[in-house]
Structure formats: structure tokens, C-alpha cells
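Okay, structure first, notes after.
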Amino acid sequence: MSFELPDDLSPDLYPLAWLVGTWRGAGVMAYPDIPERSIVVDVELTHDGGPYLAYSSTISLLEGELPDREQPFDAADLVPGTVWSRESGFWRPSSDGEAVPVVGAPADAPAPTGIEVLIAEASGHVSIHVGSAQGPRVDLVTHHVGRTATASDVVAQRRMYGWVRGEIFFSIELAAFGHELQSYASGRLVRFAPAVAPASA
């Protein structure tokens, strides 16, 4: 696994350093009563020197064709359409308890690091996820979900993020609307540098 260690990154965050940056990717979303559709996923994980990462993510419906899963793609070619969901929060390493080894981690991977993730969603949900980071993979499961009176009945999630040849592969499982935990969205992300608008004269 090769990446540039960000300047001024807290040593507590070294196990998550490969996630830092701006990412865009494509994937597929489907769930009971939600027809399968192609999506664009924008993710940003930043740091300010503290022992946490600030996180934001937007899922939009993809305008155009889904890239070939076996081929590289240019994030700038992905055109987001209607916004489907937005969320933000913080990723924090945890020193409480013993981190569980990540499923499928290589035998020579470093010891797992406990992770706490706090997420607020525009849909009216606030959740706490716990899990482990080990080598190039993070696994998270829901510890608690709170929701407003008008939010849908979301019970639990399970998420996986894995680094493969410079890309992040992700999967999200969801238990909601009376359904058991099952696949909701998956895809892959590449580093993305959004175009900067020229300064006005």
C-alpha cells in the first residue's frame, strides 16, 4: 500500500491516513422497493491536526453510463445528477476495548485499530458506528441510531472500505423499512481534484 502521509497528521490517525483526501466514484444502489440505479459518490476526509478526521459524503444519481468495473476511470467524467443523500461527521480512533481483527486482512497486516464514526444524515438520522481499521481495510457496524419523528425507520448499517491499487472499494448494508440487513450500495472511488473556478477580475 503506497500513499503520501499528509503533513501535520496526528499520529493517532496513521492507520487511517490512506483515507485522507477528496474522492469521487461510481456504484450501484438497490434495496427492496428501491429499483437498482447507478450512483455517483463524493467523499471527503480532512484533518486539522486533531486526533480525528472530518467526513462528508454525498450520493447522487449518475447522469450517463456507469464505468466498466474492470477498467480505470476518470472521476471528472462522472456527472452527478439529483442528490439522493448527504451525511457528515467525524472518524475517531478509539483506545477503549480491544479492536477486532478485520475480516480478510492479510496475515502480515498491522494490529487492528479501533474506530468510532459519528454521522449526521440530512434524512433525519444520527448514528454511531464502531469497528476496526487494519492495513488497507475498515469495517464498521452500527452501535446506535437516533432519528427524528419524521425520519424513516432505519435500524442498522454495516460498512466496508478497502484500498485496492489506489482505489477505495466500498459497500454499505442497510436494515430499514422492516427489512433485514442486506446490500444497499457498493462501488469504487478514486482521488478527485475538483476544478477550481477562475477568480473574477
Self-check item: Subset of region 1-39 [among the hydrophobic types (A, V, I, L, M, F, W, C) and either assigned to a helix (DSSP H, G or I) or at pLDDT below 90 (or both)]
Solution: 1, 3, 5, 13, 16, 17, 18, 19
Quiz prompt | region 65-97: number of residues that are under 17 Å from residue 187 (Cβ atoms) and outside any strand (DSSP E or B) | solution = 14
Exercise. Give me a count of the residues in region 121-138 that are under 17 Å from residue 95 (Cβ atoms) and surrounded by fewer than 19 Cβ atoms within 10 Å (Cβ to Cβ).
Key: 1
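Can you tell me which residue is farthest from the chain's Cα centre (by Cα) among those in region 157-182 that are among the basic types (Lys, Arg) and surrounded by 18 or more Cβ atoms within 10 Å (Cβ to Cβ)? First the steps, then the outcome.
First, the residues of region 157-182 that are among the basic types (Lys, Arg): 158-159, 165.
Retained after the next criterion (residues that are surrounded by 18 or more Cβ atoms within 10 Å (Cβ to Cβ)): 158-159.
Values: 158: 11, 159: 8 Å.
Ranking the candidates gives 158 first.
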Quiz prompt | Among the candidates 149, 109, residue that is outside any strand (DSSP E or B) and at pLDDT below 70 | solution = 109
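Scan 62, 45 and give me the residue that is assigned to a strand (DSSP E or B), modelled with pLDDT of 95 or more and in contact with a helix residue (DSSP H, G or I) (Cβ under 7 Å, 6 or more places away or on another chain). Outline the logic, then answer.
Details: 62 fails: in contact with a helix residue (DSSP H, G or I) (Cβ under 7 Å, 6 or more places away or on another chain).
After ruling out the rest, the residue left standing is 45.
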Exercise. Being loosely packed, with under 14 Cβ neighbours inside 10 Å, under 17 Å from residue 166 (Cα atoms) and in contact (Cβ under 8 Å) with a residue 40 or more places away in the chain is the filter here, so list the residues in region 44-71 that pass it.
Key: 69
Quiz item: Which one is farthest from residue 122 (Cα to Cα) among residues in region 147-166 that are among the hydrophobic types (A, V, I, L, M, F, W, C) and out of contact with any His (no Cβ under 6 Å at 6 or more places or on another chain)?
Solution: 164
Quiz item: Can you find even one residue in region 27-43 that is crowded, with 19+ Cβ neighbours inside 10 Å and aromatic (Phe, Trp, Tyr)?
Solution: no
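The values are calculated or read from the model by the stated rules, or taken from the named source; none is laboratory data. Predicted model, so just to flag it, every value in this text is computed and none were measured. Positions of Cβ are generated from backbone atoms using ideal geometry, with glycine treated the same way; all protein chains shown enter the neighbour counts.
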